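The structure under discussion appears below in the form of structure tokens.
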Amino acid sequence: MGTRLEQIAHWITAIARVLVRASTGTARVVTQRLPLVYHVSVVILSAAIASTIPFTLAFVAEQLLGYWSAIRDERTFLVGTEVAVALLLVFLFNHARANWANRRLAGMARGAGMVHQSSGSGLLSRRSARRLKERHALRRDIMIIGSTGFRTFVDPRGDLHTAIEHCRTAKIMLLDPESPGAFARARTIGDPEITPDRLRTQVQLTIAYLRTFPAAHHRFRLKLYPEPPLWKLVILGDYAWVRHYHPTLDVRLLPEYVFAHRQDVEGLYAAFYQYFVARWNDPAIPEYNLMTGEPSVRDGAFKETGRALPGGHLP
């Protein structure tokens, strides 16, 4: 009895193996012949459509002649048809011209390396930009040029509040609140809440926030530039986020453009990257020591003496 069961199990296993091999071979043959079947089907369908064209045109012509014999004496209908056709042609031509212009603009944007543009006031666009920056900042180096950094770093709703926590290192350039550029920015912005004292307080809070991170003096390098801000620039890996500091408008009201790094020389990513490097390596802008609150010398940078920078007396 046991031997017979073993033989039955052996036969079942052998049959199963044969079926598996057959199904595998069939699937392989079908997969390899799918392109051939596709091309044959397209040829057959094309031949069928071509063979039915004379009958189709004859049917359409017959129907049109029937309708024309019924409406050729209806002047009101003819005038309405002419007006409708004229409006349709105007719409189609305007749409085609707009599409052509949009294609040209899209080509110019691609040539410049721009991959995204978001409005500064939309809630969804700000949330999308923040998530994108967080994803690209993970364990990477960040280069930032801003004004005070308070709404960007310290505010939990800021675009880089989470990104600055997960980045590897960051080079940060902020506006020196004791410089003439800060007073000019506060004077031209037109907002009564933006004053030199407020700018000074925001820079101090940003510095104090950066100091709360472990090994802050190794992870973060800070410089304070003296002239009014021109660009709000964030470089994360192969992407650069750019906003323009308008003299009389809040930077958050202006659109933000994203440029991607490309191998050709037409894109603007390289230009903004070189702009940051040139500003960072400017020997007239000393590096700020997060530990002592004073200008410091690093890699042969210019050393300023006799003046403590903002945040130097913060705990």
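The values are calculated or read from the model by the stated rules, or taken from the named source; none is laboratory data. Bear in mind the structure is a predicted one, so any value in this text is a computation, not a measurement. Positions of Cβ are generated from backbone atoms using ideal geometry, with glycine treated the same way; all protein chains shown enter the neighbour counts. These accessible areas exclude ligands, DNA and RNA; they are computed on the full protein's heavy atoms, side chains included. Shrake-Rupley method; radii C 1.70, N 1.55, O 1.52, S 1.80 Å.
For the pair Val79 and Ala271, label points projected 7 Å from Cα toward Cβ lie 5.7 nm apart. Segment Ala109..Phe213, full-extension length gain: 33.6 nm, with 0.36 nm per residue of separation and the alpha-carbon distance subtracted.
Just to make sure I understand: if all protein chains stay in place, what is the order of Tyr38, Tyr269, Tyr275 by accessible area at 1.4 Å, largest first?
Output order, biggest surface exposure first: Tyr38, Tyr275, Tyr269.
Label separation (Glu165 vs Asn99): 4.8 nm, computed from points 7 Å beyond Cα along the C-beta direction. Using only Cα coordinates, the Kirkwood hydrodynamic radius of region 130-181 works out to 11.4 Å. Projected label points at His39 and Ser119, each 7 Å from Cα along the beta carbon direction, are separated by 5.1 nanometres. Here the accessible area of region 207-280 is 63 percent carbon and sulfur, with a 1.4 angstrom probe and all protein chains present.
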